[in-house]
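Notes to accompany the following structure.
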Amino acid sequence: MTEVSLLLGYQDDTFSHDVAVALQTVRPESFDYVVTDLPHVGGGLNIQTRSDITVVEAKWWRTSVVGRCPGSIEEWPNYLPWAWHMNLPAVILPTPDDNIPQYSQQLASLALSALQEAGGSFQLWVPVSLDAASIRTWQKIISACQYPSLVGVLLEIPPIDGDPREHMTKQMTLLHNMIGCGPIKSFSIRTSLFLTNRQGYPTLAKPHQYIIGYLLKRLGRTLKVLLINDTAATNRGNFQQYLQHLRNRDSVTAVLDSSNAQDEHDYLDALQKPLQPLQDHLLFATYEVFEGDPIKYQRYQDACRSFLIERQAGTKTLVLVVGAGRGPLVTAVLQAYRASQSATLLRVIAVEKNPSAVLYLQSKQQFDPLWQQFKVQVVQSDLRSLEDQFCQQADLIVSELLGSFGCNELSPECLDTLLKRCRPDVVSVPTRYTSFLAPVSSLKLHQEVMAQSFYPDNNARVVGQQIAVETPYVVRTHAASQMFPEQTCWTFEHPTIVDDTSRKAKLVFRDNRGAIACGPGYGAVDEMVASSEVDTEPWIVTGLLGTFSADLSPDGVHKISIAPHSFSVGMFSWFPLYFPLQHPVHIPPQGIIDTSIWRKIDEKRVWYEWMATVMDADGNLLSTTPIHNPGGRSSHVSL
Ligand SMILES: C[S@@+](CC[C@H](N)C(=O)[O-])C[C@H]1O[C@@H](n2cnc3c(N)ncnc32)[C@H](O)[C@@H]1O
């Protein structure tokens, strides 16, 4: 594991007007950036000249200086142009006051100007304290501004208020909420919050250590940190070392610096169109990525071994590996056979429709000693039209046609068509799979969905907002919070033959106990933060998060799952499926969100439709979203 430094900034009023001095002073102490007050460039007599601009080069302003906008809201337009001129990466705005409409109005037009003047990578940071009142204010402001992508939160860690244990529990709840309705770009901590330990070094009280540790675990890969010196402390380096020590704790590095975490980095909150392995032919490299999964193939192997152990000596066993790709499940079957020490006479046939993958399978057949030993057969065919002779002799069908939501790569349709032509006692690995859904809060994902509107589609036309918000996306959720424990939508079981693979589910989410432990909705529930508290603050829900679990064997012993409550730790083959809501919806304290989702099918396509209704704690209707993707007008999976 390689340790990564915190991206740590420093703010100190004594040199907030001189970046040259600030950088010379704090960079040797391992601070990465400094905060400077923006000068007024609106003309007039009070011109504030500064010496630093004549000596500090552009590259430092672009990378190592964050602006702070002083003055009243009305004066923002006189300060910001200088930040754009200097190419500063971000500007900290004044803390919002009670005049929410006025602040929102200025922020909305500033965000628009910033986009035009400074481009999409510039950020406006609004200071928000981690307390209930400030978060409510923030939710109102960001909603009024319609969630502009370059606006985010500078989260301020407040002093401990009252009983430390209660404070910590409450802060965890607020933080979970805030991660969803941020996006949090940076967090700040004041030197006045630090204690002094026996050796005279700065240290933080346990609740602060815990909150910062948790924040780093959740967002540490993208988060900046800001130390605000409000005590005229001169031992800056000690504060830096202490914060770096929090970052280097085992519990944090285990989450942020593992090889899995590093591999995931480019995928965090990046929306991807789900694969369609039935309609499209997957690429060599895509198969290679799948095959790196340390858990999935082992679980398949274990399930196949359980089946083969039960086979009587001397009987013939035909295993069809359908949708074999480059053959890892074939190898899993052969290894399972060896491990089972079964004396059944094994025959394995790999079925695949992707011609390039078939070439790979045929090469394995010729050059892989294990495959040669078992005389693995390769058949190029759509499994739905496989020859009868194979179907009727098959004892075990092994497949992995599962998507992030279980059924969204059309495993039900493909397997049902095949299994109708097999003997009724044939066993399918997987035997059943269940789809789950949970409301999720992520203004970051909402911003990403809006950005999709401007991307070109397959015909080089911009996608447009309707299609963007009516498309489910595969995403490694990160700046996101699952707001309720997930609930079951439906289960498909094989070889139960059902002619109708359409489904519908109505899920009412009213008790959010345990939601914090679900984190971003990807990964196992975190027992350390499992809280019995019910969140009594309002939230913003931006979408629904789809996950799945599968029983690979009929007895349910061998499983794989990406649903937080049964997550297969270490497995990375699937990220969740995010169903966006057209507009974020506001849930009042202890409110209820009633969601409906439909799986629809016609001769050529399968698609999902979804909607949500918000009610107060007494069940009174507050708002309802439209039905998304009616008739599959914006997104579908081709049969
Ligand atoms: C998700 S990949 C899994 C590949 C491989 N079994 C593995 O686990 O790495 C699904 C594979 O099934 C194939 N496939 C999907 N639908 C199929 C169908 N109807 N007939 C044959 N192959 C199919 C795809 O081409 C792809 O190779």
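The values are calculated or read from the model by the stated rules, or taken from the named source; none is laboratory data. Not measured: the values here are computed from a predicted model. Counting neighbours? That spans all protein chains shown, and the Cβs are built from the backbone with ideal geometry, glycine included. Quick note on the areas: whole protein, heavy atoms, side chains included, nothing else; ligands and nucleic acids left out. Shrake-Rupley method; radii C 1.70, N 1.55, O 1.52, S 1.80 Å.
HN-Hα J couplings of the stretch 417-430 from phi, Karplus 6.51/-1.76/1.60, θ = phi - 60°, integer Hz, Gly and Pro as x?
Those phi angles translate into 4, 6, 5, 4, 9, 9, 5, x, 8, 5, 10, 10, 10, x Hz.
Over the stretch 284-400, how many percent of alpha carbon pairs lie in each 5 Å bin up to the one with the longest distance?
Cα pair-distance distribution for the stretch 284-400, in percent: 2, 12, 23, 24, 22, 12, 4, 1.
Apply 1/(1 + (r/R0)^6) to the Cβ-Cβ distance of residue 504 and residue 528, taking R0 = 30 Å, and write down the FRET efficiency to the nearest 0.05.
Numbers: r = 37 Å, r/R0 = 1.23.
In this case the efficiency is close to 0.25.
Do you know the relative contact order of the stretch 489-639, to the nearest whole percent, from alpha carbon pairs under 8 angstrom that are 6+ apart?
The value is 22 percent.
Would you mind checking the radius of gyration and Dmax of the stretch 569-614 based on alpha-carbon positions, in Å?
Cα-based Rg and Dmax for the stretch 569-614 come out at 15.1, 44 Å.
Using the heavy atoms of the protein chains alone and a 1.4 angstrom probe, what is the accessible area of the stretch 432-638 per residue in square angstrom? Intermediate results must be reported in sequence, preceding the final value.
Numbers: 7850 Å² over 207 residues.
So the stretch 432-638 comes to 38 Å² accessible per residue, rounded to a whole number.
Roughly how many percent of the accessible protein surface of the chain is carbon and sulfur, given a 1.4 Å probe and a whole-percent answer?
On the way: 13650 of 26770 Å².
The value for the chain is 51 percent carbon and sulfur by accessible area.
Could you tell me which residue out of 350, 241, 406 lies farthest along the dipole of the chain toward its positive end? Charges go on the beta carbon: Lys and Arg +1, Asp and Glu -1, centred on the Cα centre.
350
At a Förster radius of 25 Å, what calculated FRET efficiency corresponds to the Cβ-Cβ distance of residue 465 and residue 113, to the nearest 0.05? List each step's numbers first, then the result.
Details: r = 22 Å, r/R0 = 0.89.
Efficiency, from the Cβ-Cβ distance: 0.65.
Could you compute the FRET efficiency for residue 310 and residue 458, with r as their C-beta to C-beta distance and R0 at 45 Å, rounded to 0.05? Spell out each step's value before the answer.
Details: r = 48 Å, r/R0 = 1.06.
Taking R0 as 45 Å, the efficiency between residue 310 and residue 458 is 0.40.
Spin-label point model (7 Å from Cα, Cβ direction): what's the residue 248 to residue 41 distance in nm?
In this crude spin-label approximation the distance works out to 4.0 nm.
Could you give the distance between the Cα centres of the stretch 439-458 and the stretch 399-419, to the whole Å?
27 Å
Place a point 7 Å from the Cα of residue 50 along the Cα-to-Cβ direction; which residues of the stretch 70-88 have their backbone N under 19 Å from it?
Only 70-73, 75-88 pass the distance filter.
For the stretch 432-638, what Kirkwood radius comes out of the mean inverse Cα-Cα distance, in Å? If you can, show how the numbers build up before the last one.
Values: mean 1/r = 0.0562 Å⁻¹.
The answer is 17.8 Å.
Quote the accessible area belonging to residue 140 in square angstrom, nearest 10, computed with a 1.4 Å probe and with ligands, DNA and RNA left uncounted.
Looks like 120 Å² after rounding.
What do you get for Rg/Rh of the chain when both radii come from the Cα atoms and Rh is the Kirkwood radius?
Numbers: Rg = 27.9 Å, Rh = 27.0 Å.
Taking Rg over the Kirkwood Rh, I get 1.03.
Counting only protein chains, not ligands or nucleic acids, how are 609, 166 ordered by accessible area (probe 1.4 Å), most first? Before the final figure, lay out the partial values.
Working: 609 20, 166 130 Å².
Largest accessible area first, the list is 166, 609.
Could you derive backbone 3J(HN,Hα) for the stretch 85-102 from the dihedral phi with the Karplus parameters 6.51, -1.76 and 1.60 (θ = phi - 60°), listing whole Hz in sequence and x where the residue is Gly or Pro?
Once rounded to whole Hz, the list reads 4, 7, 6, 5, x, 7, 10, 8, 8, x, 5, x, 9, 6, 7, 5, x, 5.
Got a number for the accessible area of residue 634? Probe 1.4 Å, square angstrom, nearest 10.
Looks like 20 Å² after rounding.
Mind listing the phi-derived Karplus ³J(HN,Hα) values for the stretch 73-79, rounded to whole Hz, using 6.51, -1.76 and 1.60 with θ = phi - 60°, and x for any glycine or proline?
Coupling constants for the stretch 73-79: 3, 4, 8, 3, x, 8, 9 Hz.
Given points 7 Å out from each Cα along the Cα-Cβ axis, report the residue 196 to residue 557 separation in nanometres with one decimal.
Using points 7 Å along Cα→Cβ, the separation is 6.4 nm.
Given an 8 Å cut-off on Cα distances and at least 6 residues of separation, report the relative contact order of the chain as a percent.
Working: 1344 pairs, mean separation 71.2, N = 639.
This gives 11 percent for the chain.
Filter 170/217; 170/559; 140/185; 273/604; 217/444; 170/224 down to the pairs with a C-alpha to C-alpha distance above 25 Å, please.
On the way: 170/217 18 Å; 170/559 35 Å; 140/185 18 Å; 273/604 19 Å; 217/444 18 Å; 170/224 23 Å.
Violating the 25 Å limit, Cα to Cα: 170/559.
Just to be sure I understand the model, the point goes 7 Å from the Cα along the line to the Cβ. What's the resulting residue 339 to residue 624 distance in nm?
Modelled inter-label distance: 5.1 nm.
Quick one: grab Rg to one decimal and Dmax as a whole number for the stretch 8-257, Cα atoms only, in Å.
18.1, 56
Send over the per residue convex hull volume for the stretch 1-154, Cα only, as a whole number of Å³. Before the final figure, lay out the partial values.
Numbers: hull volume 22.4 nm³, N = 154.
Hull volume over Cα atoms, normalised by residue count, gives 146 Å³.
Determine the principal axes of the Cα atoms in the stretch 105-223, then give the extent along each, sorted from largest to smallest and rounded to whole angstroms.
Cα spread of the stretch 105-223 along its principal axes, largest to smallest: 52, 26, 23 Å.
Order the peptides 441-447, 56-62 from the highest to the lowest mean number of other Cβ atoms within 10 Å of their residues.
Details: 441-447: 26.6, 56-62: 13.7.
Answer by packing, highest mean first, reads 441-447, 56-62.
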